[in-house]
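Following: one structure in structure tokens, then a few remarks.
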Amino acid sequence: MPNLKHTIIYMAVSVMSLSATAQDLLANRAPSDRKLTDLKAVKINNTKAVIDLSNPAGDIYATWDNTSALVAPGTLPANFKVDLRGYAMPTTSRKVTSKYGPRWGKQHKGLDIKVYMGDTIYAAFDGKVRISKFNAGGWGYYLVIRHPNGLETLYGHLSRQLVKEDQIVRAGQPIGLGGATGKATGTHLHFETRLLGQAINPALLFDFESQDVTGDFYVVKNGTIQNSKKSAVASTLQVQSREPETVTLADRPQTQAEANTENQETNPDTPEPTAQKREVTYVVKDGDNLFRIAQNHGLTLDQLCRLNGLKPNSLIVRGQVLKCS
Ligand SMILES: [Zn+2]
């Protein structure tokens, strides 16, 4: 069958000589897909490093134990960068009913977010469950998860826990159900974020109203977390590239009993950090331009360019880190 053999050889040669674009068309996809696919591959390689979840952030935590929600405050490395990429919102609720900070003369070290009985609560990042316990006088059924980015997240007043201690969890995995266990008036999620035993205002990391994180990274300069009322507001303005106001005021009355309870939850010995200027950086995303980045950080285009040694028409690329203060 010489004719058929000839045809096969001819087809093979034809395919080999096709341009990349023509091959794309043969594969039934738009030529531009090739470029996109390549970019995606690069992104995955950059951000999806294989991380061992058996001992998350083992480089900064001396121990792993299931005894207490509190961790002895340790010394943070200078300029510690908390990687917020790969986050999931702990709840789809956008309503913050009580914010972080002083409340009736005490410190409320988390955010209260309105959830209803049985609402699914999700792990904020990949991690490992360190505590899954019951505290009748405070958080009720609660969880503490340690994450590779150094954070520990705490979820309180659950009606039920869905994970066990030492269990590895993934960001966005259901870990519990909303409730009002412990000392809580009304169902809500009490959500805390801590770094090496030090509380961070969760609103500096998570914007529940817009269901997003405040940026790709949260930078802790000189080992000092900025949570004092004045600097927390300043930090919020500097860190966020979106809406500066993240917390709304309480929409329900809270009893003094609950106020006391929330206070019991916290470590009263944590000193108020002193105000300190921090360097704020921004990681360029797709579709960004210098003008908008400047605007979002309260800078003029010229100021932003001067900080970074750029010209107004300089090209910026995704992943590029810009100084914004
Ligand atoms: Zn609370």
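Beyond 31 Å in Cα-Cα separation lie the following of the pairs 95/311; 81/109; 95/128; 128/323; 106/323: 95/311; 128/323; 106/323. Here the spin labels are modelled as points 7 Å beyond Cα on the Cα-Cβ line, and at residue 120 and residue 59 they lie 3.3 nm apart. Over the stretch 281-323, one equal point on each Cα, no solvent: what is log10 I(q)/I(0) by the Debye formula at q = 0.13, 0.14, 0.17, 0.33 Å⁻¹? For the requested q values the scattering log ratios are -0.20, -0.24, -0.36, -1.49. Restriction of the trypsin sites (Lys or Arg not before Pro) in the stretch 167-197 to DSSP coil positions whose beta-carbon has at most 16 other beta-carbons within 10 angstrom yields 170. Close amide-amide hydrogen proximity is noted between residue 281 and 324, each under 5 Å apart and 5 or more residues distant or on a separate chain (H modeled in the peptide plane; Pro and chain starts excluded).
No lab work stands behind these numbers, since they all come straight from the coordinates. Every value quoted in this text rests on a predicted model; they were computed, and no experiment measured them. Don't worry about glycine lacking a Cβ; one is built from the backbone with ideal geometry, like all the others, and counts go over all protein chains shown.
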